[in-house]
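Chemist: Just dropping this structure here.
FYI, it's all coordinate maths here, none of it is from the lab. Predicted model, so just to flag it, every value in this text is computed and none were measured. Glycine also receives a Cβ, built like all others from the backbone with ideal geometry; neighbour counts cover every protein chain displayed.
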Amino acid sequence: MRLILLGPPGAGKGTQAQRLIHKHNIVQLSTGEMLRAAVAAQTPVGLRAKDIMASGGLVPDEIVIGIISDRLDQPDMKNGFILDGFPRTVPQAEALDDLLRKKHMRLDAVIELRVNESALLSRVETRVAEMRARGEEVRIDDTPEVLSKRLASYRSLTEPLIHYYSERRKLLTVDGMMTIEHVTREINRILAAIGAVETRTTRKPARMAARKTVRPARKAAKVAKKAGKKPAKTARKAGKATSGRTRKTVRGSAKGSGKGLARQGGKAAKKVTKKRAKA
Ligand code: AMP
C-alpha cells in the first residue's frame, strides 16, 4: 500500500502515519523527520537545511526529492509506505510522479486530513507541552510565530495539491477534527472501501470465481443470439446470476475506477455495513 498524508502542520499526519504503519506493516517516510536527523548529525544536507527549517521555510526541492528517491530504493519499501510531509508543492508532486513511474510503483491514495485552522495553534501547543512533559527536545519550529509562517506556506504552496490529486482521482478527504481513534478508523474504512486493504468485500477468490463462470455463460448466450436462437436457459441464468455477483464485488473495490474515490468508498462501506447487519 502506497499512500500520501496531506494536511497542515498540526493536522495529525504524524500520529495517523504511526498508527497506519503498525496496522499495515508499511514504512513512514517523513521528510521533516529525515531532515531533523540530518540536522542533528550535521551532515551536508543538515547544514544546508538547518536555518531554513528553523525559520519555517521550505528546503530546496532537489534536497527533499533526492532524499525520497534514495529512500524508495531501500528494501524495506516492498510492503509499501506512507509519505508524510512530502510532496509539499506541485513541482514536488510532479517529481514524485516521475520517480514512481521510473521505479514501477503505483500510488494507491492521497489522504487529506481536513482541519479548522483555528484548532491548529492549540494542537501544536499541546504537542509541545506533551513533549516537554516526556522530557523530549522540542522542535525549534514549533513556536506560534514560525507556525503561522508554516501555515501560510501550506496554504499557498501545499494546498494546490488537493486539486492536483483530486484531478488524478487519488484524493480521499477525512475530517481531521474527530478524535485520533475516529480518524484512524475512518482512514482504514476508506482504504478498505477502495480495495487498498483486503477485506471480506474485496475477496479476490470470489471475483475470480465469478469471472470464470461469467465468461463461458455469456459467450454461449452471445453465440446463440448471433445464430438467431434463444440462448440456452442455463447459460442465461448463469450469466445473470454471476454478473450480479460480479457487480457487487467490483463496487466494493473502487480502486482504479474513473469515479471519485471518496464518494465510492462511502457507498461501498454502506454496503458492507448492510451485509454485516444481515449476517
Ligand atoms: P514537518 O516535520 O513535515 O513539519 O517539516 C519540518 C520542516 O522540514 C518544514 O517546515 C520544512 O522546513 C522542512 N521540510 C519537510 N518536508 C519538506 C518538503 N517536502 N519540502 C521542503 N521542505 C520540507
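Chemist: Does region 59-68 contain at least one residue that is away from the ligand (no atom under 11 Å from the Cβ), surrounded by 13 or more Cβ atoms within 10 Å (Cβ to Cβ) and among the aliphatic types (A, V, I, L, M)?
Modeler: no
Chemist: Among (1) more than 18 Å from Arg19 (Cα to Cα); (2) part of a helix (DSSP H, G or I), there is one condition Arg106 misses while meeting the rest; what is its number?
Modeler: Against the list (1) more than 18 Å from Arg19 (Cα to Cα); (2) part of a helix (DSSP H, G or I), Arg106 comes up short only on (2).
Chemist: Here's another thing I want to ask about it. Return the residues of region 108-127 that are closer than 30 Å to Gly80 by Cβ and charged (D, E, K, R); say none if nothing qualifies.
Modeler: Asp108, Glu112, Arg114, Arg123, Arg127
Chemist: What are the pairs with Cβ atoms under 6 angstrom where one residue, in region 86-104, is under 12 Å from Thr31 (Cβ atoms) and the other, located anywhere, is within 13 Å of the ligand (Cβ to nearest atom) and not in a helix (DSSP H, G or I)? Sequence gap at least six, or different chains.
Modeler: Leu96/Pro87
Chemist: Separate question: Against the definition (within 10 Å of the ligand (Cβ to nearest atom), farther than 24 Å from Asn188 by Cβ and not aromatic (Phe, Trp, Tyr)), how does Ala41 come out, yes or no? Lay out the reasoning, then the answer.
Modeler: Working: within 10 Å of the ligand (Cβ to nearest atom): no; farther than 24 Å from Asn188 by Cβ: yes; not aromatic (Phe, Trp, Tyr): yes.
It is false that Ala41 is within 10 Å of the ligand (Cβ to nearest atom), farther than 24 Å from Asn188 by Cβ and not aromatic (Phe, Trp, Tyr).
Chemist: Related question: Within region 141-157, work out how many residues are outside any helix (DSSP H, G or I), touching a residue at least 60 places away in the same chain (Cβ under 8 Å) and surrounded by fewer than 18 Cβ atoms within 10 Å (Cβ to Cβ). Quick ask: steps written out before the conclusion?
Modeler: Initial filter on region 141-157 (outside any helix (DSSP H, G or I)): 141-143.
Of the ones still in play, those that are also touching a residue at least 60 places away in the same chain (Cβ under 8 Å) are 141.
In the following step, the residues that additionally are surrounded by fewer than 18 Cβ atoms within 10 Å (Cβ to Cβ) were identified as none.
Qualifying residue count, region 141-157: 0.
Chemist: What is the number of the single condition among (1) surrounded by fewer than 19 Cβ atoms within 10 Å (Cβ to Cβ); (2) away from the ligand (no atom under 15 Å from the Cβ); (3) on the phi < 0 side of the Ramachandran plot that Leu20 does not meet?
Modeler: If we test Leu20 against (1) surrounded by fewer than 19 Cβ atoms within 10 Å (Cβ to Cβ); (2) away from the ligand (no atom under 15 Å from the Cβ); (3) on the phi < 0 side of the Ramachandran plot, just (1) comes out false.
Chemist: Mind listing whichever residues of region 114-140 are farther than 24 Å from Ile67 by Cα and either surrounded by 14 or more Cβ atoms within 10 Å (Cβ to Cβ) or of a type in the set (Phe, Trp, Tyr) (or both)?
Modeler: Listed by number, the residues that qualify are Arg114, Val115, Leu120, Leu121, Arg123, Val124, Glu125, Arg127, Val128, Met131.
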